[in-house]
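Remarks on the structure that follows.
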Amino acid sequence: MLEISLLKILKETFGYTSFRFEQQKIIHSLIEGKDSLAIMPTGGGKSLCYQIPALYLDGVALVISPLISLMQDQVMNLKETGVEAVFLNSSLSYEATRKAKEKILKGKVKLVYVSPEGILSPHLSDFFDQVKISLIAIDEAHCVSQWGHEFRKDYTRLGELKNRFPGVATIALTATADAKTRDDISNQLMLNAPNIFVSSFDRPNIKYMIHDRTDEMKQLNDFIKTYHANDTGIVYCLSRDKVERVAQSLKKLGYPAVPYHAGLSKELRTKNQELFNQEERIIVVATIAFGMGIDRPDVRFVAHLDLPKSIESYYQETGRAGRDGKPSTAWMIYGLQDVVKLSQMIETTDADENYKKVARHKLDSMLGLCEAAACRRNYLLQYFGERGEEFCSYCDSCLEPPILWDATTDAQKIMSTIYRTQQVYGAGHIIDVIRGTRNAKMTERKHDELSVFGIGKDHPKEHWNIILRQLLNLNYIAIKSWEYRSLGLTSKALEILTGGKKLQLRKQEIAFTKKTKKETLKTKESQHDRQDLFGALKSLRNSLAKDKGLPSYIVFNDKSLHDMCQLMPRSESEFLLVHGVGQNKLENYGSAFLKVIQDFQH
Ligand code: ADP
Ligand code: ZN
């Protein structure tokens with residue numbers, strides 16, 4: 001009857017009717033006292049995997065979490081659902097810490113959130129000697145692995161927990177699927193023959209779109225205006241400077257945009273993070289420093305203005321869109337410069353050759369996604385070891401199949417130019433030669449006397465840039481010197497130059513077409529008739545949240561509100577059927593929301 005008890009907790013406390021992915025199996029594994037490793041995409045519902053066993057088992061669950069903001073959010077969320085949870089970290093005053101500990105000793109608390117360095121500090125470690133520990137959950141467990149993409153030194157000591165709390169079942173949770181990282185997590189944390197659970201990486205509500213970068217701000221503005229004019233989103237950029245620049249430009253265009261990067265003062269970062277949590281509609285322009293603390297479910301788009309360095313990073317960042325399951329977009333533009341810059345970053349680090357090899361491989365896979373003529377989703381799923389449908393019909397490749405064109409002659413022109421100029425120049429000069437641009441460098445090097453000078457003046461710079469990038473990505477040409485970013489031919493180049501091989505490339509189109517716009521609108525849920533009620537519920541939610549000083553989605557997320565519009569509950573028992581309504585939320589908010597629904601019906 002374990003099954004029934006677990007479903008009861010799921011419904012009465014969290015307000016959900018069924019488990020997702022492998023949640024149920026993971027929960028069983030923990031209750032049976034087994035070590036477990038759970039890999040689930042962002043937004044998949046990792047937290048419930050240990051929160052439900054924590055409620056079911058005797059004692060206190062220890063949750064190791066890397067960020068203070070993340071702990072606060074989780075604890076706030078749990079309290080709203082009526083679960084007693086506390087966090088112990090450096091942000092708490094002496095008095096607050098004392099109170100929290102007292103509560104734990106009195107057996108009133110089911111979950112304690114602690115930082116990795118906190119749990120191993122002598123005073124907390126001693127304190128927990130007096131407490132029965134039900135289980136240990138290590139969130140964002142990929143931070144323990146050098147193979148992962150967010151390695152944190154303070155995670156490496158967590159292996160000691162196994163000695164410190166012998167016999168306590170441990171669960172490691174992450175969204176990173178890569179097999180190497182997985183093994184490493186298990187070894188580093190000294191998990192004991194863990195049960196491993198991998199859930200699907202498919203995010204069917206996210207539409208993937210990848211374009212060439214031509215006019216960055218115009219493209220971004222067009223994208224937001226066309227698809228997400230009134231939505232909340234995140235715009236990722238590689239550098240702090242660019243974050244500032246883009247945030248400014250968006251503001252000028254009338255968007256509610258704020259910057260976020262590690263160079264801002266701590267106060268400003270906290271403030272902007274809070275704005276992101278609380279505002280109805282906001283756009284955060286950020287470096288990847290903005291990430292781990294984000295729980296907001298209704299992020300409608302994630303835009304990348306620069307290429308991420310791996311598919312893991314791309315997937316994690318884009319995964320912050322649409323956690324509520326509603327249609328959302330992952331949009332990216334990239335260009336030749338990104339490829340050069342990222343490659344250069346890899347080659348010029350002090351890291352050992354092995355690391356560089358992994359990094360190169362990851363970047364290559366990322367580029368493969370960009371150049372792919374086939375379904376983007378399928379490519380992503382295959383990368384994570386899953387088999388997807390051949391066409392998802394919800395990515396740019398599927399919605400508007402790319403046109404392939406025969407680029408053999410143009411590729412030959414580029415390669416010949418690289419060859420004739422001795423393979424020592426960067427992309428800029430090569431293109432100048434092809435297009436017959438006269439400048440001082442040209443005359444000085446006598447490149448205007450070469451037979452290749454001006455052989456491609458019939459096409460704009462952009463055209464050559466795109467082919468060059470594709471040739472680089474497909475390994476026909478390579479960067480020879482990092483200092484000068486000079487390009488050279490690879491042995492593969494001969495296949496095209498002299499071997500008679502044809503080269504088919506993806507035709508890159510730049511502007512949006514009306515067709516995709518219409519299609520996107522079609523897939524957006526049509527809630528027009530209930531719009532008024534939705535609006536009324538939303539403002540009730542927002543004012544309740546404001547009174548309590550909570551982010552609005554902690555009171556109810558949009559999915560719950562939509563559910564109310566659909567179900568139109570008339571009684572408390574009907575209200576309990578709404579997504580995300582458990583006993584506690586019913587008591588706190590039921591009558592207020594029921595009243596609005598009733599008024600609407602009259
Ligand atoms: P993550 O895997 O990224 O840590 P969370 O644990 O924050 O994801 O869960 C994401 C969202 O999904 C939360 O709003 C959570 O309450 C919701 N959720 C989790 N499990 C279920 C479920 N079985 N049914 C419905 N919603 C769920
Ligand atoms: Zn597709």
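The values are calculated or read from the model by the stated rules, or taken from the named source; none is laboratory data. Please read these numbers as outputs of a predicted model, since none were measured by experiment. As a convention, Cβ positions derive from the backbone with ideal geometry for all residues, glycine included, and neighbour counts pool all protein chains shown. Each accessible area value is taken on the protein alone, full model and side chains, heavy atoms only, with ligands, DNA and RNA left out. Shrake-Rupley method; radii C 1.70, N 1.55, O 1.52, S 1.80 Å.
I need the peptides 579-590, 248-259, 64-75 ranked by packing, meaning the mean over residues of other C-beta atoms within 10 angstrom, with the highest value on top.
Listed from highest to lowest mean packing, they are 64-75, 579-590, 248-259.
Give me the extension gain from ARG420 to THR408: residue separation times 0.36 nm, minus the current Cα-Cα distance, reported in nm with one decimal.
Full extension from ARG420 to THR408 adds 2.5 nm.
If each of LEU275 and ASP154 carries a label point 7 Å out from its Cα toward its Cβ, how far apart are those two points in nm?
Taking the simple label geometry, LEU275 and ASP154 are separated by 2.7 nm.
Kindly flag which residue pairs out of LYS266/LYS326; LYS99/LYS132; LYS218/LYS502; LYS207/LYS548 have an alpha-carbon separation exceeding 26 Å in this structure.
Violating the 26 Å limit, Cα to Cα: LYS266/LYS326; LYS218/LYS502; LYS207/LYS548.
Once you sort the root eigenvalues of the Cα gyration tensor of segment 404-506 as a ≥ b ≥ c, which label holds: rounded (a/c under 1.5), prolate (a/b larger than b/c) or oblate (the other case)?
prolate
How far, in nm, would the chain grow between LEU2 and GLU483 when pulled straight, counting 0.36 nm per residue and subtracting the alpha carbon separation?
Additional length available on full extension: 166.8 nm.
Which Cα, out of PHE391, GLY43, ILE496, lies furthest along the positive dipole direction of the chain (beta carbon charges, K/R +1, D/E -1)?
Most positive-ward Cα: ILE496.
Which ³J(HN,Hα) values, rounded to whole Hz and listed in residue order, are derived for segment 299-311 from phi using the Karplus coefficients 6.51, -1.76 and 1.60 in 6.51 cos²θ - 1.76 cosθ + 1.60 with θ = phi - 60°, glycine and proline given as x?
Values, residue by residue: 6, 8, 8, 10, 10, 9, 9, 9, 6, x, 8, 7, 5 Hz.
Hey, can you rank 472-481, 1-10, 404-413, 301-310 by average C-beta count inside 10 Å, highest first?
301-310, 472-481, 404-413, 1-10
Determine the sum of side-chain charges near LEU120: Lys and Arg each +1, Asp and Glu each -1, restricted to other residues whose C-beta is under 11 angstrom from that of LEU120.
Result for the neighbourhood of LEU120: -1.
On the principal axes of its Cα set, how long, how wide and how thick is the chain? Give whole Å, largest value first.
Principal-axis extents of the chain (Cα, largest first): 87, 63, 45 Å.
According to a simple spin-label model (label point 7 Å from Cα along Cα-to-Cβ), what is the distance in nm between LYS341 and VAL596?
In this crude label model, VAL596 to LYS341 measures out at 4.3 nm.
By how many degrees, 0 to 90 and rounded to 10, does the Cα axis of helix 94-105 deviate from the longest principal axis of the chain?
60 degrees
Using a 7 Å offset from Cα along Cα-Cβ at HIS463, what residues in segment 193-216 end up with backbone N under 16 Å from the label point?
What the label zone holds, given the 16 Å backbone N cut-off, is no residue at all.
Can you tell me what share of the DSSP beta bridges in the chain is antiparallel? A percent to the nearest 5 is fine.
The antiparallel proportion sits near 15 percent.
Taking amide H positions as placed in the peptide plane 1.01 Å from N, state which residues far from TYR236 in sequence (5 or more) or on other chains have amide H under 5 Å from it.
Placed amide hydrogens put ALA286, ALA303, HIS304, LEU305 under 5 Å from TYR236.
Compute, for the chain, the length of the dipole vector about the Cα centre, with Cβ point charges of +1 (Lys, Arg) and -1 (Asp, Glu) only. Units Debye, rounded to 20.
Dipole of the chain, to the nearest 20 debye: 860 debye.
Give me the number: length gained by fully extending LEU253 to LYS180, i.e. 0.36 nm times residue separation minus the C-alpha to C-alpha distance, one decimal in nm.
Length difference between fully extended and current span is 21.8 nm.
Measure off, as a whole percent, the carbon and sulfur share of the 1.4 Å-probe accessible area of segment 206-399, all protein chains present.
On segment 206-399, the fraction of accessible area on carbon and sulfur atoms equals 50 percent.
Cα centroids of segment 193-212 and segment 442-483: how far apart, whole angstrom?
Each part's Cα centre sits 37 Å from the other's.
Which value, in Å² and to the nearest 10, is the accessible area of LYS103 when all protein chains are kept and the probe is 1.4 Å?
Taking all protein chains as shown, LYS103 has close to 70 Å².
May I ask you to give the solvent-accessible area per residue for the chain, in square angstrom, as obtained with a 1.4 angstrom probe?
Per-residue value: 45 Å².
Distance in nm between label sites at LYS326 and ASN588, each 7 Å beyond Cα in the beta-carbon direction?
Calculated label separation equals 2.1 nm.
Could you compute the net charge surrounding VAL285? Neighbours are other residues with a C-beta less than 11 Å from the C-beta of VAL285; K and R count +1, D and E count -1.
Around VAL285, the charge tally is +3.
Please give the solvent-accessible surface of PHE600 in Å², to the nearest 10, using a probe radius of 1.4 Å with every protein chain present.
80 Å²
Within the set LYS8/LYS46; LYS11/LYS585; LYS357/LYS501; LYS413/LYS507, which residue pairs have Cα atoms separated by over 20 Å?
As for pairs spanning more than 20 Å Cα to Cα, those are LYS357/LYS501.
If a/c stays under 1.5 just call it rounded; otherwise compare a/b with b/c (prolate if a/b is bigger, oblate if not). Do that for segment 206-399, with a ≥ b ≥ c from the square roots of the Cα gyration tensor eigenvalues.
oblate
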